[in-house]
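Right, one structure below, let's go through it.
The values are calculated or read from the model by the stated rules, or taken from the named source; none is laboratory data. Model, not experiment: these values are computed from the prediction. Glycine gets a Cβ as well: all are built from the backbone with ideal geometry, and neighbour counts include every protein chain shown. Ligands, DNA and RNA are stripped out before the accessible areas are found, and what is left, the full protein with its side chains, is counted by its heavy atoms. Shrake-Rupley method; radii C 1.70, N 1.55, O 1.52, S 1.80 Å.
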Amino acid sequence: MMIQHTNSQVRPPGADHGEPGNLELAASLDDVSELLHEQGADKFRAEAYHRAAETLRQLDRPAWQIYHDRGIEGLEELPCVGRTIAKALQQLIRGGRWALQERLKGNDVAEHLFASVPNIGPVLAKKIHDELGIESLTELQAAAWDGRLAKLPGIGDKRIRAVRESLAARGRERTATPPQPDEHDLTEEVPVAELLDIDIEYRSKAQRDRLPRIAPRRFNPTGQAWLPILHTARGNRHFTALYSNTARAHEMGTTHDWVVIYLEDHQQHQHGRWTVITSTFGRMRGQRIVRGREDECREYYERLERNNQLLWQEPAK
């Protein structure tokens, strides 16, 4: 299955304020709704974006103005919007790119977006994306306050203050203040067994050509629809999985090995991002592991080995 998808977003005449107008925002929501339908995601999730798009088309006031006046809470109060879509509108208004929309198209724009922030640049933007696993300006702002950004080599207090001020100015906030966390990051909490099971499902279906394939813009000069995408659930958690299309994956020749798994469930106020790779060294060489959680993966495989030994052990006489 191949999906070629484009979305024409024309800024209406006279929209010289710089932020996207309501019709442009609605077009992005409809685009994601269609992408989710085409890729076999939960139909209720897909329809929610379409209903919110209708709300925007009927508004008599620009959504960007509501956001600047009342923040994300003002967007949440709009009919059929809620927290999930309010955060999407926030990304579009603040940065012009919506991480979910780009991801569904196989694009990774985080590095380019971060590099546009003064005092970051392309090298640091790549480190932020690769090592912290964040993808939006909102997440970057949180990392600048909660200590994660300070852990990267070469970032001092002066640069962190400058990044905070730049992001605050971009968000039209009165002061550079710490953002209030409204989601629970499950990056360290979802069991590795669950993530490895999603990895197995994704690679198995991809190898059997059982998944939709999308055509990312980056590193794809011919426009080929080569990137399989999976929407799946474990309990009440909805995950998206796809091969990594980052510059690093292309440099390492691992575009058909590294699998990136995302969790974005704002109804449950949860999110997470993981990369599953094939280990190339040590006792787990050749086995699939969740990057950054190697010790847990080692324990997981040791438990599997013990259980298999018990299954094949002959009964005592």
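How many of the residues in the stretch 81-136 are at pLDDT 85 or above and in contact with a His (Cβ under 7 Å, 6 or more places away or on another chain)?
2
Out of all the residues in the stretch 231-246, is one or more over 21 Å from A88 (Cβ atoms), out of contact with any strand residue (DSSP E or B) (no Cβ under 6 Å at 6 or more places or on another chain), among the β-branched types (V, I, T) and without any contact (Cβ under 8 Å) to a residue 40 or more places away in the chain?
no
Identify all residues within the stretch 54-84 that are under 17 Å from E19 (Cα atoms) and touching a Leu at 6+ places or on another chain (Cβ under 7 Å); write none if there are none.
Applying the first criterion (under 17 Å from E19 (Cα atoms)) to the stretch 54-84 yields 56-57, 59-72, 74-75.
Result: L56, R57, A63, I66, Y67, L75.
Cβ-Cβ below 6 Å, separation at least six or inter-chain, first residue in the stretch 54-74 and on the phi < 0 side of the Ramachandran plot, second open to solvent by 40 Å² or more (accessible area, probe 1.4 Å) and among the hydrophobic types (A, V, I, L, M, F, W, C): which pairs?
Sorted first by the residue in the stretch 54-74, then by its partner, the pairs are T55/C80.
Those residues that are outside any helix (DSSP H, G or I) and surrounded by fewer than 20 Cβ atoms within 10 Å (Cβ to Cβ), I need them from the stretch 22-54; list them, please. I'd like the intermediate steps shown before the answer.
If we filter the stretch 22-54 for residues that are outside any helix (DSSP H, G or I), which is where we start, we get 39-42.
Correct list: G40, D42.
Would you please list the contacts, defined by Cβ atoms under 7 Å and residues six or more apart or on different chains, that run from a residue in the stretch 299-317 that is over 22 Å from L196 (Cβ atoms) to a residue that is open to solvent by less than 100 Å² (accessible area, probe 1.4 Å) and modelled with pLDDT of 85 or more?
none
Identify the residue in the stretch 266-283 that is modelled with pLDDT under 90 and not in a strand (DSSP E or B) and, among all such residues, is least open to solvent (accessible area, probe 1.4 Å).
Start the filter on the stretch 266-283 by keeping residues that are modelled with pLDDT under 90, which leaves 266-273, 281-283.
Those still in the list that are not in a strand (DSSP E or B) too: 266-269, 281-283.
Details: H266: 23, Q267: 158, Q268: 83, H269: 85, F281: 143, G282: 59, R283: 191 Å².
In this case the residue turns out to be H266.
Look through the stretch 186-208, keep the residues that are of a type in the set (A, V, I, L, M, F, W, C) and under 20 Å from P228 (Cα atoms), and return whichever of them is most open to solvent (accessible area, probe 1.4 Å). Reasoning before the result, please.
First, pick out the residues of the stretch 186-208 that are of a type in the set (A, V, I, L, M, F, W, C): 186, 190, 192-193, 195-196, 198, 200, 206.
Next cut, under 20 Å from P228 (Cα atoms) only: 195-196, 198, 200, 206.
On the way: L195: 0, L196: 9, I198: 0, I200: 100, A206: 23 Å².
If we take residues in the stretch 186-208 being of a type in the set (A, V, I, L, M, F, W, C) and under 20 Å from P228 (Cα atoms), then I200 is most open to solvent (accessible area, probe 1.4 Å).
Which residue pairs have Cβ atoms under 8 Å apart, sit 6 or more places apart or on different chains, and have a first residue in the stretch 255-274 that is closer than 17 Å to D197 by Cβ and a second that is small (G, A, S) and modelled with pLDDT of 95 or more?
Qualifying pairs under 8 Å: V259/A241; V260/A241; I261/A241; Y262/A241.
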